[in-house]
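Peer 1: Just dropping this structure here.
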Ligand SMILES: O=c1ccn([C@H]2C[C@H](O)[C@@H](COP(=O)(O)OP(=O)(O)OP(=O)(O)O)O2)c(=O)[nH]1
C-alpha cells in the first residue's frame, strides 16, 4: 500500500500517532513552533502571539476561533481523504470545539495541515504546544459522475427530515 508522504515543518515534529494498535484515529497534536497562531475575529484573520513558556500556549477568548497548526505537510494517496474530528475526552473535559467537524483533508492539499477550532466556553481557553487536539481517520472514497435524469419517487419513502417519525 502506498504510504502517506510526511514532511515535518519544524525539527522534532513526528507523524500523527495512533494510541493503540487497533485505534482507527491518528491523534493530531498542536504545533506552536511557528511562534504565532491565526485567530478569526468577526471572520477576519489576525495573528495572535503565543504566551511564552514550556510548552508555549495560545489563549483563545470565549467564542474566539483559530486555525491551530499541526507542523507538517502530508500527501495522501489519491482515493483517500483524512477526516479530522474531535477526541471524545477533549470534548467532554474542555471547551475546545472543532468548528468544521468532520473536516476533510484532500489528497492534493499542498500546505500545512491545520485544525479550525473555537473556544465554546465562557472562560479563556489555553491550547499548549504538543496537546492532542483532534484525531484523523483515513477514508477511501470513490469518484462518480453526475448524469442528468428524472429522480422517481420511491415507493417506501415519503420524504425526509422526520417523515418516518421520531
Ligand atoms: O480540518 C481541516 C480541513 C481542511 N484543511 C485543509 C485541507 C483541505 O484539503 C483544505 C480545503 O478544505 P475544504 O475543502 O474543507 O475547505 P474549503 O473552504 O472548501 O477550501 P477550498 O476552497 O480550498 O477547497 O484545507 C485542513 O488543513 N484541516
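Peer 1: Of the residues 90, 104, which is part of a helix (DSSP H, G or I) and within 15 Å of residue 136 (Cβ to Cβ)?
Peer 2: Matching residue, one of 90, 104: 90.
Peer 1: Take the residues in segment 86-104 that are near the ligand (Cβ under 9 Å from one of its atoms) and buried (at least 18 other Cβ atoms within 10 Å of the Cβ); name whichever of them is nearest to residue 41 (Cα to Cα).
Peer 2: Per the stated criteria, the residue is 98.
Peer 1: Going by the structure shown, is residue 92 touching a strand residue (DSSP E or B) at 6+ places or on another chain (Cβ under 6 Å) and either in contact (Cβ under 8 Å) with a residue 40 or more places away in the chain or over 22 Å from residue 13 (Cβ atoms) (or both)? Don't jump to the end; show me each part of the working.
Peer 2: On the way: touching a strand residue (DSSP E or B) at 6+ places or on another chain (Cβ under 6 Å): no; either in contact (Cβ under 8 Å) with a residue 40 or more places away in the chain or over 22 Å from residue 13 (Cβ atoms) (or both): yes.
Answer is no for this residue.
Peer 1: Here is a further query. I'm told residue 121 meets every condition in (1) assigned to a loop (DSSP other than H, G, I, E, B); (2) within 16 Å of the ligand (Cβ to nearest atom); (3) more than 30 Å from residue 1 (Cα to Cα) except one. Can you identify the failing condition by its number?
Peer 2: (2)
Peer 1: Sticking with this structure for a sec: Looking at segment 18-44 only, could you name the residues that are without any contact (Cβ under 8 Å) to a residue 24 or more places away in the chain and either closer than 22 Å to residue 121 by Cβ or surrounded by fewer than 12 Cβ atoms within 10 Å (Cβ to Cβ) (or both)?
Peer 2: Initial filter on segment 18-44 (without any contact (Cβ under 8 Å) to a residue 24 or more places away in the chain): 18-23, 35-36, 41-44.
Selection gives 20, 21, 22, 35, 41, 42, 43, 44.
Peer 1: Any residue at all in segment 138-153 that is within 10 Å of the ligand (Cβ to nearest atom), touching a residue at least 12 places away in the same chain (Cβ under 8 Å) and touching a strand residue (DSSP E or B) at 6+ places or on another chain (Cβ under 6 Å)? I'd like the intermediate steps shown before the answer.
Peer 2: So the first thing to find is which residues in segment 138-153 are within 10 Å of the ligand (Cβ to nearest atom), and the list is none.
Within segment 138-153, none of the residues are within 10 Å of the ligand (Cβ to nearest atom), touching a residue at least 12 places away in the same chain (Cβ under 8 Å) and touching a strand residue (DSSP E or B) at 6+ places or on another chain (Cβ under 6 Å).
Peer 1: Out of all the residues in segment 45-63, which are over 17 Å from residue 122 (Cα atoms) and part of a loop (DSSP other than H, G, I, E, B)? It would help to see each step written out before you state the result.
Peer 2: Taking segment 45-63 as the starting set, the residues that turn out to be over 17 Å from residue 122 (Cα atoms) are 45-57.
Once the filter is applied, which keeps residues that are over 17 Å from residue 122 (Cα atoms) and part of a loop (DSSP other than H, G, I, E, B), segment 45-63 yields 50, 52, 53, 54, 55, 56.
The numbers here are math on the coordinates, done by the rules we state, and not lab data. Remember, it's a predicted structure, so these values are computed and weren't measured experimentally. For neighbour counting, all protein chains shown are included, and Cβ atoms are generated from backbone atoms with ideal geometry for every residue, glycine included.
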